[in-house]
Amino acid sequence: MNNMLHEKVKFALIGCGAIAHKHVMAIKRFNNAEVIGAFDIDVKSAKLFEEKYQIPVFTNVDELIKKTNPDVLNILTPSGLHGENILELIHFNKHFIVEKPLALRLDQIDRILEECDKRGSKIFVVKQNRFNPPVQKLKEAIDRGRFGKLVLGTIRVRWSRDQLYYNQKSWRGTWAFDGGVLTNQASHHIDMLVWMMGDVESVMAKTATRLVKIEAEDLGIAILKFRNEALGVIEATTATRPKDLEGSISILGEKGSVEIGGFFMNELKSWNFSEPAEMDKDIWSKFSKVPGESAWNHSEFFKDVIISIHNGKKGLIDGLEGRKSVELINAIYESAETGKEVFLRFVPKECRLGVTSEGKR
């Protein structure tokens, strides 16, 4: 990086949509960080955001960076634009935070990682649910070997998104800019499954579009084989009616089983091990739920980012970590479209994710 790091880490938001409000809220909790500007091509959205937060908002990104000199650019645009936006801004030699997914195409992600590596730019992918207290304890139990041999990992995303939701934004549910439930709503859960269970060897999948008119899927099922020979199941849908049901992960092993449920893997449902340990004593009283304050886990994510930037340490969810879930999602789509078992690492051939109707990648 050519820039001298500011005493406060200075963030600039690229996009003023719904998620931008969470970023402002989360960053405001830190004395050593601030949002110093934002950008949006929509003049109305820019003006409303500026009035609400008293943060200067620009409709020209070059002007934003020239006038505010941020340390970090937060990419908050539609999913299909993430990769393009990062590559357009890479020459400014800033660090990047990007909402999930890092990009839709693996070749684009690899270009991003190569360019960031050349420049010494850090990239962080927002997977805030990794910081949920029950999730952190589950990961600790796995890393300590408390499960013994891992047997089965499953995720269930049973959410409700009606036609009105997809109609609100023209890019939602499209192959070029969004994908379906697997890429959008379930991407946090897919990331979590791989983080807990390890690298995936192969996948078999089926998808369907049942209750809404969109290009991509509102229902996806996948069976995974992990490299450690454990199996996995992904069940994801936005066709739950009439309302959201759950967003859960379960891990089963020879010596224990844990389930985390709630809406976003935020509530511990079961914690059972054949061999007790010290960490079990306060698991329910201290770590079974996510604190109630809004955007709490986003704040924990930003804490990790700020520490990484100031101390030069690796962040919990860097670009390589963000790549893993996108690779699996691409493989799931390819399996669903070809009817074949797909092995990872692989080069996508048939998957439509991130491809325009004209066939452009």
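Brief remarks follow.
- Within region 131-154, the set of residues being surrounded by fewer than 22 Cβ atoms within 10 Å (Cβ to Cβ) and within 29 Å of residue 96 (Cα to Cα) comprises 131, 133, 136, 137, 139, 140, 143.
- Answer residue from region 286-303, given it is among the aromatic types (Phe, Trp, Tyr) and touching a residue at least 40 places away in the same chain (Cβ under 8 Å) and is surrounded by the most Cβ atoms within 10 Å (Cβ to Cβ) among those: 302
- Inter-residue pairs, beta-carbon under 9 Å, first on the phi > 0 side of the Ramachandran plot and in region 117-129, second of a type in the set (S, T, N, Q), 6+ apart: 120/2; 120/93
- Filtered residues of region 205-230 (kept if touching a helix residue (DSSP H, G or I) at 6+ places or on another chain (Cβ under 9 Å), more than 19 Å from residue 158 (Cβ to Cβ) and either acidic (Asp, Glu) or surrounded by fewer than 17 Cβ atoms within 10 Å (Cβ to Cβ) (or both)): 213, 228
- Qualifying residue in region 116-136 (condition: under 30 Å from residue 220 (Cα atoms), among the hydrophobic types (A, V, I, L, M, F, W, C) and assigned to a helix (DSSP H, G or I)): yes
- Remark: pairs (first residue in region 80-105, farther than 16 Å from residue 187 by Cα and assigned by TED's automatic domain parsing to the domain that holds residue 120; second residue outside any strand (DSSP E or B) and acidic (Asp, Glu); Cβ separation under 8 Å; 6+ apart in sequence or on different chains) = 87/115; 90/115; 94/71; 95/71.
Matching residues to (1) in a strand (DSSP E or B); (2) surrounded by fewer than 16 Cβ atoms within 10 Å (Cβ to Cβ); (3) among the hydroxyl-bearing types (Ser, Thr, Tyr); (4) touching a helix residue (DSSP H, G or I) at 6+ places or on another chain (Cβ under 6 Å):
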position: 268; (1), (2), (3), (4): yes, no, no, yes
position: 272; (1), (2), (3), (4): yes, yes, no, no
position: 284; (1), (2), (3), (4): no, yes, no, no
position: 306; (1), (2), (3), (4): no, no, no, no
position: 320; (1), (2), (3), (4): no, yes, no, no
position: 332; (1), (2), (3), (4): no, no, no, no
position: 356; (1), (2), (3), (4): no, yes, yes, no
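The values are calculated or read from the model by the stated rules, or taken from the named source; none is laboratory data. Just so it is clear, the model here is predicted, and its values are computed rather than measured. Every residue, glycine as well, gets a Cβ built from its backbone with ideal geometry; the counts of neighbours run over all protein chains shown.
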